[in-house]
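Written below as structure tokens is the structure these notes are about.
No lab work stands behind these numbers, since they all come straight from the coordinates. In this text, all values refer to a predicted model and were calculated from it rather than measured experimentally. When we count neighbours, we look across all protein chains shown, and the Cβ atoms used for this are built from the backbone with ideal geometry, even at glycine.
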2 protein chains.
Amino acid sequence: MNCPAGKVLVAQGGGPTAVINQSLVGVILAARKEPCVAAVYGALGGVRGIVNEDFVDLTGETLEDLEGVGATTSSALYSTRDKPDAAYCARMLAVMRRHDIRWFFYIGGNDSSDTVRILDEQARAGGYDLRAVHIPKTIDNDLVLNDHCPGFGSAARFVAQAFMGLNLDSHALPGVLIGTVMGRHAGFLTAASILARKYPDEGPHLVYLPERTFSLDGFVADVQRVHREHGRCVVAVAEGIRDETGAPILTRLNTTQERDAHGNRQLSGTGLLGDLLAGIIRKNIKAQRVRADTFGYLQRSFTGVVSDIDSREARAVGEAAVRFALREDRGGSVVIQRLPGADYAVRYDLVELAAVAGKTKTVPDAFINAEGNGVTEAFTRYCRPLVGANLPEPFRLRAPRVPKLHKAANLA
Amino acid sequence: MNCPAGKVLVAQGGGPTAVINQSLVGVILAARKEPCVAAVYGALGGVRGIVNEDFVDLTGETLEDLEGVGATTSSALYSTRDKPDAAYCARMLAVMRRHDIRWFFYIGGNDSSDTVRILDEQARAGGYDLRAVHIPKTIDNDLVLNDHCPGFGSAARFVAQAFMGLNLDSHALPGVLIGTVMGRHAGFLTAASILARKYPDEGPHLVYLPERTFSLDGFVADVQRVHREHGRCVVAVAEGIRDETGAPILTRLNTTQERDAHGNRQLSGTGLLGDLLAGIIRKNIKAQRVRADTFGYLQRSFTGVVSDIDSREARAVGEAAVRFALREDRGGSVVIQRLPGADYAVRYDLVELAAVAGKTKTVPDAFINAEGNGVTEAFTRYCRPLVGANLPEPFRLRAPRVPKLHKAANLA
């Protein structure tokens, strides 16, 4: 063994995804193959579990169990919303030194990469030999330098399948259906609502992202136009849509008298934005039904709707992280890059933590239509491979009309 | 051909389900095999399509298309919320006579069976030879004389998988998560929320059905107890929960000043009930996160989460209806009855329309726990086969705890 022995520590941070456990399993299985790894520990509850020394020993976890956990949604090591500052990181580092942790892998989004960056700097400054790697994960798909992020493809698949159902539902019982999708700053997930569209009149007919100013008047006019044309209208809206001042629409619509009954002004975990938008449509448009569905946490932890591509890539970024840290002795942030060419293929690379940490990618202009109420073909080409194989497809009857014989007075 | 030639008419009514098109395809394929059937027509938009003479000719629809449509959720012939009275039915009958419709199949719930009943009576009274058959369909599972109804199993599977995800999510980021499920009078679908529970501490920890009086004080006390015990609480609640006077809780909580902003007081298509319950919990319990998700229309038209049993049975009731009407010359309502014995098996029978029409089955007492906040093992035994094979299963790590070395002051 020509390497210094030491332990591996892995943790999961931020919001869960459908495939975050694949990255965990990728780290565990790859790390256990390395002769210099004395043990593989997991921290329970993200960074908080490190400060609290809540570790489990994953060195002997059976392959059977690991594969079961890999296929289970949400974070098997649990998570945290803590955003460590320098003092918090110093406490983490002290615990890690005490346990001889030499390789640290943190699976998470923006905030998690920033934590790894601080930790890495402190280790260097303190002369402690640590390779710290951030492994990407986010349903928001908003990490810079990544073509896309593990977790996004499966959430996007859920959203696409959900809107396929809402569209079919609204065809059977017409009206206006509004579906609210997660996303404060980046609208990738909301944009994915269009992926299962097949026939030209299918919804969602309107897609509103946080990247464009949301005008209430424009919204009403858009819905009116679609409803006139199709007799129904399906709308996909990101929870983070903003007005011209940058204020969230939810905050603007949620007037004082309603604040109490609905508690604080969170954007997620409430159906309020959809309900308020539905109320505006009801006041302005004569439609048979106006309903709002908020996808909420269903879209990030739903079991049984997983992109095979996403699942494999989530496993692969975990394995790649171990390779970079243990074989190449490098720390940083693992990124997914798409290879040029007609067929979908990716490579995994390692970039500086500072290049990713705390930055947010949003939907590029080329993916949003000129009117700001839909997405482009370029987005579909970008996103379609990510949601995986065998996306359900709607079928319609082609039966010809029967000539009318009765001449009864028709119902309106 | 020793039977009088005539045409078959099929239509779909009420809310869509994930498998209602299987029943449609079952009718079409079975009817096309019968030598006395001159043509198979479909009415577009349920009973309204009959009055308006909006018929399509399904006689030549390809098998390929039909199988595609069968696997597509929602109603391929579209639907209606119209509830025909005697005058409406008389107009339907006039159109049917004009087209020489001799066999009528209406796929729907309670209201649809009542329509078939009226039509059947009018045909008899008018001396018009018509066999009218109601084919059961409802995610609410509330048709009497049926062990269960086509459409329920797939919706129940969606609800079970959704709560499996919410439970895993709340384990990773603890708090109180409330999921609101469709069901005004019958709580079967809400009860199905527990089907994917595997470990004893898993949610939903509390299940509230419309069949029991919902007490706000009891609700707060229940959540407090669970939250104290598990550090988190997942709640499944039916949209139709009622207070001791029988008034919906949503109506009671939704005070006058909020009525305008949220439009009318519908129970579905709004996140309000969940938001109001979450607000009550926030006022009374100190929890890190309190969130409400309303499943809305996702649960009845979602594509890609279908029970194989439900799908097969939905096809079978369509086929059975044709057999009863054309081979046995009988009208009525098709019912599903479970055969006694350890293994799951069903038979299809035909009952009088008046025995089903306008009646509502609710969750029997044996399926609800004594406290009225959960379901019994008897319910699980009843419901488990209906959601089909390969229900996703959660897995957990079994890794042992690592002894603490550092003795750092733990974070709260």
**Request:** For the range B:120-174, build the convex hull from the C-alpha positions and give me its volume per residue in Å³.
**Result:** 95
**Complete:** Surrounding charge for residue B:244, neighbours by C-beta under 15 angstrom, Lys/Arg +1, Asp/Glu -1, total 0
**Request:** Using the 7 Å Cα-to-Cβ label point, sort the distances from residue B:384 to its equivalents in the other copies shortest first and give them in nm to one decimal.
**Result:** 4.3
**Geometric extent, Cα atoms of the range B:293-343 - Rg, Dmax (angstrom)** = 15.5, 48
**Asked** Taking the range B:133-287 as the region of interest, what is the percent of Cα-Cα pairs per 5 angstrom bin, listed from the shortest bin to the one with the maximum distance?
**Response** 2, 9, 18, 21, 19, 16, 10, 4, 2, 0, 0, 0
**Prompt:** How many Cβ atoms of partner chains, on average, are near each residue of A:274-286 if near means within 10 Å of its Cβ?
**Reply:** 3
**Request:** Find the relative contact order for chain A and round it to a whole percent, using C-alpha pairs within less than 8 Å whose residues are 6+ positions apart.
**Result:** 21
**Message:** Quick check on chain B: helices-only [θ] at 222 nm, where DSSP H runs of length 4 and up contribute -39,500 (n - 2.57) each and the sum goes over total residues. Nearest 500, please.
**Reply:** -10500 deg cm²/dmol
**Item:** the range B:62-184 - Rg over Rh from alpha carbon coordinates, Kirkwood radius
**Value:** 1.13
**Item:** 10 Å Cβ neighbours from other chains, averaged over peptide A:152-164
**Value:** 2
**Request:** Can you pull the one-decimal nm distance between simple spin-label points at residue A:329 and residue A:228, each 7 Å off the Cα toward Cβ?
**Result:** 7.1
**Mean shadow area of the range B:1-106 over all directions, Cα convex hull, nm²** = 6.4
**Message:** Viscosity 1.567 mPa s, temperature 4 °C: give me the Stokes-Einstein translational D for the range A:180-262 in µm²/s, with Rh taken as the Kirkwood radius over C-alpha pairs.
**Reply:** 94
**Fill in**
Per the rule of 0.36 nm per residue minus the C-alpha distance, extending residue B:243 to residue B:185 adds in nm 19.6 nm
**Degrees separating the helix B:152-172 axis from the principal Cα axis of chain B, which is the longest one** = 20
**Item:** Label distances, nm, residue A:312 versus same residue in remaining copies, Cβ-directed 7 Å point
**Value:** 3.2
**Message:** Principal axis extents for the range A:317-407, Cα atoms only, whole Å, descending order, please.
**Reply:** 82, 31, 24
**Message:** Give me the Å³ per residue figure for the convex hull around the C-alpha atoms of the protein assembly as shown.
**Reply:** 170
**Item:** Extension gain, residue B:381 back to residue B:282 (0.36 nm per residue minus Cα-Cα distance, nm)
**Value:** 32.1 nm
**Request:** Mind checking the range A:297-365 for chymotrypsin sites (Phe, Trp or Tyr not before Pro) that DSSP puts in a loop (not H, G, I, E or B) and that have at most 15 other Cβ atoms within 10 Å?
**Result:** A:344
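Can you count the Lys pairs in chain A whose Cα atoms are under 24 Å apart, with each pair 8 or more apart or on different chains?
Close lysine pairs under the 24 Å cut-off: 8.
Quick check on the protein assembly as shown: of the DSSP beta bridges with both residues there, what percent are antiparallel, nearest 5%?
Of those bridges, close to 25 percent are antiparallel.
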**Asked** On the first, second and third principal axes, largest extent first, how far apart are the outermost C-alpha atoms of the range A:1-50 in Å?
**Response** 38, 22, 10
**Message:** Looking for one value pair here: nearest-to-axis residue in chain B (by Cβ) for the rotation onto A, and the distance in whole angstrom.
**Reply:** B:271, 1
**More than 15 angstrom apart: percent of Cα pairs within the range A:40-79** = 44
**Complete:** One decimal, nm, nearest first: from residue B:401 to the same residue in each other copy, label points 7 Å out along Cα→Cβ, the values are 7.3
**Asked** Can you list the HN-Hα couplings for the range B:69-74, worked out from phi with the Karplus curve (6.51, -1.76, 1.60; θ = phi - 60°), rounded to whole Hz and with x for Gly and Pro?
**Response** 5, x, 8, 9, 6, 6
**Prompt:** What is the projected area of the convex hull of the Cα atoms of the range A:191-234, averaged over all directions, in nm²?
**Reply:** 3.3
**Item:** Test item: A:388-395 mean partner chain Cβ contacts at 10 Å
**Value:** 4
**Request:** Report the longest stretch of chain B that contains none of the GluC sites (Glu not before Pro) sitting in a DSSP loop with at most 16 other Cβ atoms within 10 Å.
**Result:** B:1-243
**Request:** Please work out the ratio of the alpha-carbon Rg of chain B to 2.2 N^0.38 Å and round it to two decimals.
**Result:** 1.10
